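Below is one structure, written out as C-alpha cells; comments come after it.
What follows draws every value from the coordinates through simple rules; no lab data is involved. These figures come from a predicted structure and were not determined experimentally. Cβ coordinates were reconstructed from backbone atoms using ideal geometry, including for glycine residues, and neighbour counts include every protein chain displayed.
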Amino acid sequence: MSQDATETTTGAPGPRPWRPALVMADRRPGRYDVLELLLFVAVLALAALTPPRDAQGRPNAPLRTALEETTGGGLCVWKRVTDRPCAGCGLTRGFVQLAHGEVVAALRLNPLTPVVFAWVTWRALELLAFVAFRRRLVHGIPTRWVWRLYGAFGIGFVGLAFVRVILGREGL
C-alpha cells in the first residue's frame, strides 16, 4: 500500500485524510529535541513579548534599538555591507507583527513571513507533543505534497532574493 493511501471500511485503498493525528513515537526524546523545542518556543515567545512598534512607530524587532546603535544597522550583515536587503530581511520584524495579528504589516516586511511563522509554530507543537507526551504529531499531508510545498517555498525564496538583491527593492 502506498504512503498516501489508507484502507477504507471495505478493505480497498482510499485517500488519507489531511488532518493531524497523534501517534506513539518510536524513540524517546533526546537532549537535542528538548533544545530544539526551547529554541522554537523562545522565538515565538520573544515575538509575542516584543512590542509591535518602536517609539518612532516603525515595525519593531527584539533588541532593535541596541543593534542599530552598536552595529549601525539591524541583524542582517548582508544589508549593512551592501545596503541591499536579502531574501530574509524583514523576517524578524514580520514575526513580531504576525505574533500581534498584523498580517498585512508582516507581508509587507517579508512576504514569506507567514509561511516561516506557520512552520515554526507547527514544529514547536510537534516537538511539544514528542517531548511532553512521547507522541508524534503527524500532519497527514501526503509526502509528495509536502515536497511540492517545500519546492514552492524554495522558488519563492529565490524569487524574493532576485527581486531584493538584484533589483534592490525591499517591499512587495
message: For the range 141-168, which positions are touching a residue at least 40 places away in the same chain (Cβ under 8 Å) and either of a type in the set (S, T, Y) or exposed (fewer than 12 other Cβ atoms within 10 Å of the Cβ) (or both)?
response: T143, R144, V158, G168
- request: Confirm whether R108 is on the phi < 0 side of the Ramachandran plot, touching a residue at least 24 places away in the same chain (Cβ under 8 Å) and charged (D, E, K, R).
  value: yes
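One line per residue, one yes/no per condition, for (1) over 24 Å from R27 (Cβ atoms); (2) not aliphatic (A, V, I, L, M):
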{"residue": "N60", "(1), (2)": "yes, yes"}
{"residue": "T65", "(1), (2)": "yes, yes"}
{"residue": "L75", "(1), (2)": "yes, no"}
{"residue": "W78", "(1), (2)": "yes, yes"}
{"residue": "R108", "(1), (2)": "yes, yes"}
{"residue": "A129", "(1), (2)": "no, no"}
{"residue": "R134", "(1), (2)": "no, yes"}
{"residue": "H139", "(1), (2)": "no, yes"}
- request: Scan (1) out of contact with any Gly (no Cβ under 7 Å at 6 or more places or on another chain); (2) surrounded by 14 or more Cβ atoms within 10 Å (Cβ to Cβ); (3) part of a helix (DSSP H, G or I) for the single condition R108 breaks and write down its number.
  value: (1)
query: Does the range 54-67 include one or more residues that are of a type in the set (S, T, Y) and free of Cβ contacts under 8 Å to residues at least 40 places away in the same chain?
result: yes
- prompt: Which residues, counting only those in the range 40-80, are among the aliphatic types (A, V, I, L, M), touching a helix residue (DSSP H, G or I) at 6+ places or on another chain (Cβ under 9 Å), part of a helix (DSSP H, G or I) and surrounded by 14 or more Cβ atoms within 10 Å (Cβ to Cβ)?
  reply: V41, V43, L44, L46, A47
message: Scan the range 116-125 and tell me whether some residue there is more than 21 Å from N60 (Cα to Cα) and surrounded by 18 or more Cβ atoms within 10 Å (Cβ to Cβ).
response: yes
Which listed residue, of G151, G94, is in contact with a helix residue (DSSP H, G or I) (Cβ under 9 Å, 6 or more places away or on another chain), in a helix (DSSP H, G or I) and at negative phi: G94
